[in-house]
Structures are given as C-alpha cells and as structure tokens.
Amino acid sequence: MTSSEESLADQVIQAYRDKQPLRIVGGGSKSALGHTVTGTDLCLNHYQGIINYEPSELVITARAGTPLHIIEATLAEQGQMLGFEPPRYNNKATLGGTIACGLSGPRRPYSGAARDFVLGCRMINGKGERLNFGGQVMKNVAGYDVSRLMCGAQGTLGVLLDISLKVVPRPQLEQTLSLECDETQARTLLNNLGLKPLPISATCYQDGQLCIRLSGSESAVMAAAQFIGGEQQIGGEQLSGDEALTGREQLWQQLREQQLPIFKQPFFWRLSLPPATGPLPKEIVEQQVIEWGGAQRWITSQADPETVWNLARSLGGHGTRYGTDESLRQPLEPGLFKLSQQLRTSFDPERILNPGRLYPTL
C-alpha cells in the first residue's frame, strides 16, 4: 500500500463521516461524458505506475492514474496492445478513467468491450474501505465478477485504485477496404460478412462510403481482402501501402479519438441499436456515422431529446446526447433504476462518490 493510496482512503473516510460529496478526477479528459459533479476534488493523477506486466501471460496491472499512452507504449515494445482500442484524448486519458467510463473504440464488436478485458481491480468504496475483486490471471472463476461492474459506473460505485487487464498480440498486418454504396447495401454486406470467419477489426459507414478494416496475419488479411473484393457487387477499391496507412490513421484514429466533423458539433448523439437496424428517419437524423457493424450510430439532430429517445427505444436501443459541457442519458426504466439505486447504496451508502454523474437522482 502506497502513501498516496492511504491518503485517498483517508479522504474518502472523512468525506463519508462528513457526508461531503467528492468529485473523482484523473486526467480530466472525460468531464463531458456525464453530468457536472459538485464536490471536493479527489485527485488520482498522482497515483500512477505500472505495477506488474507479464508479456508471456498477456496480463498487465497498473494504477488508475497511469496515463493510457504510457501503458500502450509499454505494450507496444512487446508487440502487444489493448484489444478494446480505447481513446487517448490527446494523451490525457488515464487507465482508471477509461475503465470507469467503459470506453471502447472501433475494434470493440470484433475483439470485445473494455469490461471483457478487466481481470480484476482494487478500489475504495464510499465508506473508505479498500476492496479487491477478481485477480491477475486469465483463468479466474470466483462467482460474479464485480470488477467488470465498475466499467461504465463512472466512479459512482467506488474509486478505482489498481486494474488488471488482459492484453492481446498486435496484428501482423492491417488493411482498409473502401466501398462506395448506400446504407442498405452496406448493412446487407456487413450482415453477410458477419457470418464468415473473416479478420474484420472495424467498420465505418458515412457519406456513401463503407470502410472495413482487416487485421491479422498477412495471409489472412490478403485472403479476406480478395474475398470481400470478389464477393461484393457494389464496386470498391482496395487500399494498400501508404494509402492504406493514411486511410487507417485518418479514419480509424479520428473515429477512435472522436475527431471527425460530426463530433465537433455543439450537440451530437450516440445511439446504441441492434446491428440490423435499417435507415433512421431523415426528419430526425441530419448527419450520421455508423460503426460497430451498425450497432453504434453517431448522429446530429434538431429534435428534442424525448423524440430521439423514443426513436431509440422503439428500435430496441438507447441514446445519449453529448455536448460541450455534459451528456444527457436516456432515462432508465423503473426496474433498472431501482436496481441501480440498490447497487449504489451497497457500495456508497451516503452517495458521496461522483453524485449525479450518471443521472441527477442517482
């Protein structure tokens, strides 16, 4: 146990006794991903460092305040990477913030979400108690994995201290295919390709262009590129060499870091929908970028939040509006909200940790 860990625990204990709200702060790169929190800052940016890394075991353990780019650079030296491709936010993102927000990039539907790579964690609950969940090994069967519950909770269930992650080998080759098509053709093609064992690692559709990233061994990528190019009936162009690298950097990097033009609008929406969902109503949707094989859609809309939420709900999904200062989440169904309240009370009985961060009344 480090002195800074002891200090963090003491601050939480004192806040619990005083019923004083705490605002958990890391690199400060994700303040707009939730509601504004009013409270005393609990800073973790000094609590950083890689605790253990076993390349042969594909496991790394680091403190929550460790900058994400340092972890990725360490992994790259051993030919490995984080499989869920999280955003770095100009190198301000930390490991704790990334897991607390449950952020995953373009690779998510093909490799797994952030929570799928969490093996274990240590945390401080709302009473200042230090808890340990999961482990640091790939095979860990110990009942319900509470450590994964921390993904997406945005600190409302506890202050993350240390996190153990499963890592993956870097692919030998990546190549991007670009196809001109309409949205219906793109959806049909992706649905068909999803039934085949192809090394697809990302997809993106916008402005009449479908881009498909392939990742794997050289033979697998080249075979898949030839197969897709031969199967598709809508015409297309295979990028190679420097052109493929440029396309990957300019598209996948911008998509991962939310730097495309749609993300620069005053307000934009993230819709999580079934992959097979058809085109959205034009009277509601102005611009859109479709990724994750159709499961994640970034849109702009002049419609009021209730209209967009009702649309997402009618399609079996949900939506979140993002802006310059904070996000607006779709209200939880009564049963799910009650369960969330019970979980919150179990981990943070006085609700001092990031109160109102996810929902104003939670």
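Regarding residue 284, is this residue of a type in the set (A, V, I, L, M, F, W, C), in contact with a Phe, Trp or Tyr (Cβ under 7 Å, 6 or more places away or on another chain) and either assigned by TED's automatic domain parsing to the domain that holds residue 271 or within 30 Å of residue 111 (Cβ to Cβ) (or both)? When the stated conditions are applied, residue 284 does not pass them.
Looking only at residues of the range 330-355 that are of a type outside the set (Phe, Trp, Tyr) and buried (at least 18 other Cβ atoms within 10 Å of the Cβ), we find that the one that is farthest from residue 12 (Cα to Cα) is 330.
Within the range 146-163, take every residue that is assigned to a strand (DSSP E or B) and in contact with a Cys (Cβ under 7 Å, 6 or more places away or on another chain) and give me the one that is nearest to residue 348 (Cα to Cα). So that I can check it myself, show each step before the final result.
Going residue by residue through the range 146-163, those that are assigned to a strand (DSSP E or B) are 159-163.
Still in the list and also in contact with a Cys (Cβ under 7 Å, 6 or more places away or on another chain): 160, 162-163.
Working: 160: 13, 162: 19, 163: 20 Å.
Residue satisfying both the conditions and the ranking: 160.
Is at least one residue of the range 26-44 surrounded by fewer than 19 Cβ atoms within 10 Å (Cβ to Cβ), free of Cβ contacts under 8 Å to residues at least 12 places away in the same chain, more than 13 Å from residue 124 (Cα to Cα) and among the charged types (D, E, K, R)? No; the residues of the range 26-44 include none that is surrounded by fewer than 19 Cβ atoms within 10 Å (Cβ to Cβ), free of Cβ contacts under 8 Å to residues at least 12 places away in the same chain, more than 13 Å from residue 124 (Cα to Cα) and among the charged types (D, E, K, R). If the condition is being among the hydroxyl-bearing types (Ser, Thr, Tyr), part of a strand (DSSP E or B) and over 15 Å from residue 84 (Cα atoms), then the range 201-218 contributes only 205. Give me the residue from the range 297-329 that is of a type in the set (S, T, N, Q) and touching a helix residue (DSSP H, G or I) at 6+ places or on another chain (Cβ under 8 Å) and, out of that set, surrounded by the fewest Cβ atoms within 10 Å (Cβ to Cβ). The selected residue is 324.
The values are calculated or read from the model by the stated rules, or taken from the named source; none is laboratory data. Every value quoted in this text rests on a predicted model; they were computed, and no experiment measured them. Don't worry about glycine lacking a Cβ; one is built from the backbone with ideal geometry, like all the others, and counts go over all protein chains shown.
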